[in-house]
Amino acid sequence: DGIFNLIDLASTNGIHVNGVRVDLTILRGQDRIEVGPVARLCFTFDADPLEETTLPPLDLSPRQLEVAKLVCQGLTNAEIAATLGISARTVTSHLDHIYTRLDIGSRSALATALAKRGLA
C-alpha cells in the first residue's frame with residue numbers, strides 16, 4: 001500500500017531512525033536508518049506517479065485521532081494512558097471504537113490508515 005514499516009526484532013544494538021531509537025516506526029522518504037554501530041542507510045522509494053487517489057477523511061473524534069497518532073508512534077496502551085492522563089482501560093475503549101469506525105482490526109492497519117492520509 002506504499003506504507004513501509006520498520007520493526008526491530010529485539011536486535012542487540014537496536015535500530016535508530018533519524019537519531020531516535022525505535023522498536024516500530026513508519027518509514028518516510030529520506031529517513032536515516034542506523035543498524036548497529038556502523039551501518040547507516042537512507043530510505044528512499046519511488047511512488048507510482050500515475051496512482052493518485054484521494055482518501056476520505058477519517059471519521060474520528062479529536063481524542064480518537066490523538067490516540068491513533070500515539071499508536072502510530074509505537075506507544076503501548078499504558079504509555080498512551082500516561083501521556084494523555086487517562087486510564088489504560090479508556091485507551092482500550094478508544095481503540096475499540098476506532099477499529100469499529102474504520103472497520104479495521106489491528107494497530108498496524110490503524111497506522112496504515114493514518115499514514116495514507118499523512119497523519120502519522
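The values are calculated or read from the model by the stated rules, or taken from the named source; none is laboratory data. Owing to the predicted nature of the structure, the values given are computational and were not obtained by experimental measurement. Here the Cβ is made from the backbone with ideal geometry for all residues, glycine too, and neighbour counts use every protein chain on show. With ligands, DNA and RNA removed, areas are computed over all heavy atoms of the protein, side chains included. Shrake-Rupley method; radii C 1.70, N 1.55, O 1.52, S 1.80 Å.
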**OP:** Could you identify the single residue in Arg28, Arg63 that is open to solvent by 100 Å² or more (accessible area, probe 1.4 Å) and under 17 Å from the mean Cα position of the chain (by Cα)?
**Re:** Arg28
Original post:
Which members of region 101-116 meet the condition of being in a helix (DSSP H, G or I) and over 11 Å from the mean Cα position of the chain (by Cα)?
Top reply: Arg101, Leu102
Subject >> Neighbours by Cβ (under 6 Å, 6+ apart or cross-chain): first from region 67-82, free of Cβ contacts under 8 Å to residues at least 12 places away in the same chain; second part of a loop (DSSP other than H, G, I, E, B) >> reply: Ala81/Ser87
Subject >> Leu70 vs. criteria over 25 Å from Arg21 (Cα atoms), modelled with pLDDT of 90 or more and either crowded, with 17+ Cβ neighbours inside 10 Å or in contact with a Ser or Thr (Cβ under 7 Å, 6 or more places away or on another chain) (or both) >> reply: no
Subject >> Checking Ser108 against (1) in contact with a strand residue (DSSP E or B) (Cβ under 8 Å, 6 or more places away or on another chain); (2) crowded, with 17+ Cβ neighbours inside 10 Å; (3) among the polar types (S, T, N, Q), the condition it does not meet >> reply: (2)
**OP:** Would you point out the residue of region 32-60, among those that are at pLDDT 85 or above and in contact with a Leu (Cβ under 9 Å, 6 or more places away or on another chain), that is most open to solvent (accessible area, probe 1.4 Å)?
**Re:** Arg32
